[in-house]
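Enquirer: My questions will all concern the structure given below.
The values are calculated or read from the model by the stated rules, or taken from the named source; none is laboratory data. Computed from a prediction, not measured in an experiment: that's the story for all the values here. Counting neighbours? That spans all protein chains shown, and the Cβs are built from the backbone with ideal geometry, glycine included.
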Amino acid sequence: MKVDKILIATTNKGKLKEFKHLFKDTGITILSLDDMNEKIEVVEDRETFLENAIKKATEYAKFYNLPVIAEDAGLEIEALGGFPGVYSARFFSFKEFGGEEPVQDSIDRANILKVLRLMANEKNRKARFVSNVVFYVPEETGIWTEGYLYGEIVDKPVGEGGFGYDPIFKPEGYQKTLAQLSPEEKNRISHRGKAVKKLINILEKILQWKN
Ligand code: ITT
């Protein structure tokens, strides 16, 4: 198995930036969906992060015939019974839990406003980010890793960095939100950073054995 380039199959620019940064010292060329001429849509309709990540990785890998990494990630809030969870990206429009939140400036902002509304009088602020990463090479191999970041939901958005729910999430042991951390600092502690570092570790071992 020759792995000198990997397609990061994500439509999320914030995620892509973090993946590129995490792979920068590996010598592996990172391709993104923008580098692909033909586009496909993969619907995330499964009930777990892992199943969604497997679906994305295998569908993109088979279509482009390339090694692919796909991730499904999200925020789980204890007081909301684990929501937004697998619905994190489209929580604002998820009528079944907490009603719809109108989009005024961005989807990220509408998602945040909905969480803050549901958490308004809640004392238990505990939450965690989850990342499930799947690497798949058609007909050859599949690897899955995961990472968690524990912390709490603050009561108003703070910070300009990162993406998604970063402005309302304060990691354990920090007095800042994820959106106030540098990209390096976020990658060092984040759910995605942990899952991707585990994957790189495994890939390096496999590639060494093969040479
Ligand atoms: P792809 O499926 O194309 O990768 P997506 O944005 O739909 O892009 P997910 O299905 O994994 O990605 O949804 C993840 C959502 O969870 C994302 O849109 C954010 O709202 C939130 N999220 C995940 N990781 C995050 C992080 O590091 N910081 C803040 N929010 C995050």
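Enquirer: Taking segment 19-51 only, how many residues are more than 20 Å from the chain's Cα centre (by Cα), among the acidic types (D, E) and under 23 Å from N201 (Cα atoms)?
Expert: Summing the residues that are more than 20 Å from the chain's Cα centre (by Cα), among the acidic types (D, E) and under 23 Å from N201 (Cα atoms) in segment 19-51 gives 1.
Enquirer: Would you pick out the residues in segment 41-54 that are more than 28 Å from E184 (Cα to Cα), in contact with a strand residue (DSSP E or B) (Cβ under 9 Å, 6 or more places away or on another chain) and either in a loop (DSSP other than H, G, I, E, B) or among the β-branched types (V, I, T) (or both)?
Expert: Those that are more than 28 Å from E184 (Cα to Cα), in contact with a strand residue (DSSP E or B) (Cβ under 9 Å, 6 or more places away or on another chain) and either in a loop (DSSP other than H, G, I, E, B) or among the β-branched types (V, I, T) (or both): V42, E44, R46, T48.
Enquirer: Anything in segment 14-40 that is within 10 Å of the ligand (Cβ to nearest atom) and either at pLDDT 95 or above or in contact with a strand residue (DSSP E or B) (Cβ under 7 Å, 6 or more places away or on another chain) (or both)? List them, or say none.
Expert: Matches in segment 14-40: K15, L16, E18, F19, L33.
Enquirer: Within segment 66-110, take every residue that is of a type outside the set (A, V, I, L, M) and touching a Phe, Trp or Tyr at 6+ places or on another chain (Cβ under 6 Å) and give me the one that is surrounded by the fewest Cβ atoms within 10 Å (Cβ to Cβ).
Expert: Residue satisfying both the conditions and the ranking: F97.
Enquirer: Here's another thing I want to ask about it. Only one of I189, I206, I143, I202 is surrounded by 16 or more Cβ atoms within 10 Å (Cβ to Cβ), over 19 Å from F83 (Cα atoms) and more than 14 Å from the ligand (Cβ to nearest atom). Can you tell me which?
Expert: After applying the criteria, what remains is I143.
Enquirer: A further question on this structure: Give me the pairs: first residue in segment 18-31 and of a type in the set (A, V, I, L, M), second residue modelled with pLDDT under 90 and surrounded by fewer than 12 Cβ atoms within 10 Å (Cβ to Cβ), beta-carbon distance under 9 Å, and six or more apart or on different chains, which are they?
Expert: Qualifying pairs under 9 Å: I28/D4.
Enquirer: What pairs come out if I take residues in segment 161-180 that are near the ligand (Cβ under 8 Å from one of its atoms) and pair them with residues that are in a loop (DSSP other than H, G, I, E, B) and among the β-branched types (V, I, T) whose C-beta lies under 9 Å away, six or more apart or interchain?
Expert: That search, which allows pairs on different chains as well, returns G162/T177; D166/T177; F169/V154; F169/T177.
Enquirer: Still on this structure, I have one more. Quick check on segment 72-102: of everything there that is at negative phi, in a loop (DSSP other than H, G, I, E, B) and not hydrophobic (A, V, I, L, M, F, W, C), which residue is nearest to the ligand (Cβ to nearest atom)?
Expert: E101
Enquirer: Any residue at all in segment 57-65 that is within 12 Å of the ligand (Cβ to nearest atom), surrounded by 13 or more Cβ atoms within 10 Å (Cβ to Cβ) and assigned to a strand (DSSP E or B)?
Expert: No, segment 57-65 contains no residue that is within 12 Å of the ligand (Cβ to nearest atom), surrounded by 13 or more Cβ atoms within 10 Å (Cβ to Cβ) and assigned to a strand (DSSP E or B).
Enquirer: Of the residues N187, N124, only one is in contact (Cβ under 8 Å) with a residue 12 or more places away in the chain, touching a His at 6+ places or on another chain (Cβ under 9 Å) and not acidic (D, E); which?
Expert: From the options N187, N124, the qualifying one is N187.
Enquirer: State yes or no: is G159 surrounded by fewer than 18 Cβ atoms within 10 Å (Cβ to Cβ), in a loop (DSSP other than H, G, I, E, B) and touching a Pro at 6+ places or on another chain (Cβ under 6 Å)?
Expert: So G159 fits the description; yes.
Enquirer: Which members of segment 52-80 meet the condition of being over 14 Å from the mean Cα position of the chain (by Cα) and farther than 11 Å from G142 by Cβ?
Expert: Scanning segment 52-80 gives K55, E59, Y60, K62, F63, Y64, N65, L66, I77, E78, A79, L80.
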